[in-house]
Amino acid sequence: MNPLTPASLKICASCGRKITWRKKWKKNWDAITYCSDSCRKHKVKHNSIDVAFETKIISLLQDRRAIRGPAAVVTCEEAEKEGLKERKSDTADDTEHHSAVVSPEEADIDPRGPPTPSKTRERCRQAARRLVARGEVVVTQSGKVVDPSFAKGVMELKFPS
């Protein structure tokens, strides 16, 4: 396969970044879904914080679109803050009402302790890149649409025009 053709473009299922074609993948390029071993180990789970961030980004954009119109923008930092606040309140409610034992994999709990802000920030950015890959949002910086795989700094998210 020619690495410069549009058919060779792939997006990582975990982090949402572009996967760069490598000669060693020539025989099994169609089976490649993750850009690295790290992403392969950190698959997006159904009830995880990753999905919560995606949902929160979309809901914040819908709320702001109703108020500000099509120019509504949400940053990853805002979505992260709101998503973590919502998950904390949900887990507090769940622990009060349920005594069922849930495995760490199901609850998306890191056995090493609570996630650090830098880890949750990156997971929110990954959620935004997955939404871009699906065509649900676009990433802008200084009002211009940018490629989320290479965006540095504050990522502003909005619905496509």
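Each reported figure results from applying straightforward, stated rules to the coordinates on display, with no laboratory input. Predicted, not measured: the structure shown is a model, and the values here were computed from it. Reconstructed Cβ throughout: ideal geometry from the backbone, glycine too, with neighbour counts over all protein chains shown.
Across region 43-51, computed HN-Hα scalar couplings (Karplus, 6.51 cos²θ - 1.76 cosθ + 1.60, θ = phi - 60°) run 6, 6, 9, 4, 9, 8, 5, 4, 5 Hz from first to last residue, x flagging Gly and Pro. Here the calculated FRET efficiency for ARG22 and ARG121, from their Cβ-Cβ distance with R0 = 22 Å, stands at 0.20, rounded to the nearest 0.05. Packing here is the average count of other Cβ atoms within 10 Å per residue, and on that basis the peptides 69-75, 50-56, 129-135, highest first, run 50-56, 129-135, 69-75.
Note that region 19-30 has calculated 3J(HN,Hα) couplings of 9, 7, 5, 10, 4, 5, 8, 4, 6, 10, 4, 5 Hz, one per residue in order, obtained from phi through the Karplus relation 6.51 cos²θ - 1.76 cosθ + 1.60 (θ = phi - 60°); glycine and proline are x. Computed from label points 7 Å out along Cα-Cβ, the spacing between HIS46 and THR140 is 3.6 nm.
Can you tell me the order of 143-150, 78-85 when each peptide is scored by its average per-residue count of other Cβ atoms within 10 angstrom, highest first?
My ranking of the peptides, most packed first, is 78-85, 143-150.
Placing a pseudo-label 7 Å from each Cα along the Cα-to-Cβ vector at GLU77 and LYS152 gives an inter-label distance of 1.7 nm. Computed extension gain for ALA66 through ILE32, at 0.36 nm per residue and net of the alpha carbon distance, reaches 8.3 nm.
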